[in-house]
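Read through the structure below, which is laid out as structure tokens, and then see the notes.
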Amino acid sequence: MKILNNILLINLAFISSSLFAQVGVNTNTPKTTLDIQGDLGIRNKIYLGGDETTTGKLGEVGSVLVSQGANKPPTWKVLRRPEFKPETYYLINYEASSDVGGLTLRNGSANKTLYTKNMSLSSFLGGSGDGGEISKLSKTFKVNNSANKIGLVFETVVHLNSNSRNAGVDFACGVFVDDQLKGVRVFTLNQPTASVGPFYTFTLLGSAENLPKKEYTAKVACKRRESINSFTGDFGIGKAVYTNINDFMAQSTLRVEVLEIPDANNNEPVYN
């Protein structure tokens with residue numbers, strides 16, 4: 001009986017230690033908890049993220065196992081690889097931002113700079129006249145295919161703090177990709193009647209195409225170019241400067257739409 005007890009103790013110790021050992025299939029030197037040197041056949045389900053009390057999560061139909069990098073468990077992802085027509089642009093990426101802070105551009109010397117495509121942001125804002133970037137509208141986006149068209153849409157409300165008939169401001173706003181000008185609009189907001197605090201909904205469209213594949217940053221900046229009829233009051237872009245509207249009503253938005261012709265030879269996976 002004593003010999004039998006000793007054998008049982010030895011077996012229990014071996015089993016206990018084996019529970020925490022590395023297991024190898026077709027190898028005597030496993031490198032991980034389970035090291036399989038050969039084919040793996042799975043005839044039922046795969047669960048991820050379980051523990052001692054929960055089974056884990058099954059992937060949805062069409063999902064795949066994706067690595068999250070070193071020291072992180074894999075996760076289920078849905079592969080987005082729809083069928084597409086050759087030489088057809090598809091909306092691949094859409095980004096949007098909004099801001100209620102805007103800009104308040106005060107009086108300054110006249111600046112009637114002529115703007116050109118790909119002018120730098122610093123040149124656009126340089127020289128006399130008040131101006132600045134609406135920094136909270138800045139948005140990053142990625143281009144995945146070399147055949148692409150980028151649409152930039154800036155919308156805001158411009159607001160004049162004036163009570164003088166025919167007083168106003170000449171201004172310009174531009175949209176930029178990596179600090180290069182891609183679209184600009186010049187506009188004059190004045191006060192044709194005796195009403196106070198005129199405002200206007202301002203929209204600017206810009207575009208770029210066939211950008212190299214990488215990440216980019218879209219920005220918006222505006223410049224006060226000239227005061228009309230000696231106007232010296234405040235002028236708001238995406239910012240209320242008089243009490244007839246508020247900052248929420250004057251807020252600004254920037255939309256970035258990335259359209260691309262998918263490369264049939266591009267094997268880079270795109271996941272949800």
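The values are calculated or read from the model by the stated rules, or taken from the named source; none is laboratory data. Just so it is clear, the model here is predicted, and its values are computed rather than measured. Quick reminder, even Gly has a Cβ in these numbers, built from the backbone with ideal geometry, and neighbours come from all protein chains shown. Only protein heavy atoms, including side chains, enter the accessible area calculation; ligands, DNA and RNA are left aside. Shrake-Rupley method; radii C 1.70, N 1.55, O 1.52, S 1.80 Å.
Brief remarks follow.
One line per residue, one yes/no per condition, for (1) among the hydrophobic types (A, V, I, L, M, F, W, C); (2) surrounded by fewer than 14 Cβ atoms within 10 Å (Cβ to Cβ); (3) in contact with a helix residue (DSSP H, G or I) (Cβ under 8 Å, 6 or more places away or on another chain):
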position: Leu125; (1), (2), (3): yes, no, no
position: Ser135; (1), (2), (3): no, yes, no
position: Ile150; (1), (2), (3): yes, no, no
position: Thr156; (1), (2), (3): no, no, no
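- Within region 158-181, the set of residues being closer than 17 Å to Thr104 by Cβ and in contact with a helix residue (DSSP H, G or I) (Cβ under 9 Å, 6 or more places away or on another chain) comprises just one member, Ala172.
- Checking each residue in region 225-249 for being among the small types (Gly, Ala, Ser) and open to solvent by less than 50 Å² (accessible area, probe 1.4 Å) picks out Ser227, Gly233, Gly236, Gly238, Ala240.
- Residue list for region 92-123, restricted to those being aromatic (Phe, Trp, Tyr) and either touching a helix residue (DSSP H, G or I) at 6+ places or on another chain (Cβ under 6 Å) or open to solvent by less than 60 Å² (accessible area, probe 1.4 Å) (or both): Tyr115
- Region 124-174 - residue that is among the basic types (Lys, Arg) and under 24 Å from the mean Cα position of the chain (by Cα) and, of those, nearest to Val258 (Cα to Cα): Lys149
- Breaking point among (1) exposed (fewer than 14 other Cβ atoms within 10 Å of the Cβ); (2) closer than 15 Å to Leu103 by Cα; (3) charged (D, E, K, R), for Lys214: (2)
- The residues of region 118-149 that are of a type in the set (A, V, I, L, M, F, W, C) and not in a loop (DSSP other than H, G, I, E, B), listed by number, are Leu121, Phe124, Leu125, Leu137, Phe141.
- Any chance Ser98 is modelled with pLDDT of 80 or more, under 30 Å from Asp234 (Cα atoms) and assigned to a strand (DSSP E or B): yes
- Number of the exception - Glu209 against (1) over 24 Å from the mean Cα position of the chain (by Cα); (2) of a type outside the set (Gly, Ala, Ser); (3) open to solvent by 60 Å² or more (accessible area, probe 1.4 Å): (1)
- Going through (1) modelled with pLDDT under 95; (2) among the aliphatic types (A, V, I, L, M); (3) within 21 Å of Thr116 (Cβ to Cβ) one by one, Ile261 falls short only on (3).
- Scanning region 19-32 for residues that are surrounded by fewer than 10 Cβ atoms within 10 Å (Cβ to Cβ) and either hydroxyl-bearing (Ser, Thr, Tyr) or modelled with pLDDT under 50 (or both) yields Thr29, Thr32.
- Of the listed requirements (1) on the phi > 0 side of the Ramachandran plot; (2) loosely packed, with under 10 Cβ neighbours inside 10 Å, Gly41 misses just one: (1).
- Test: residue in region 74-90 that is within 21 Å of Thr253 (Cα to Cα), assigned to a strand (DSSP E or B) and within 22 Å of the chain's Cα centre (by Cα): no
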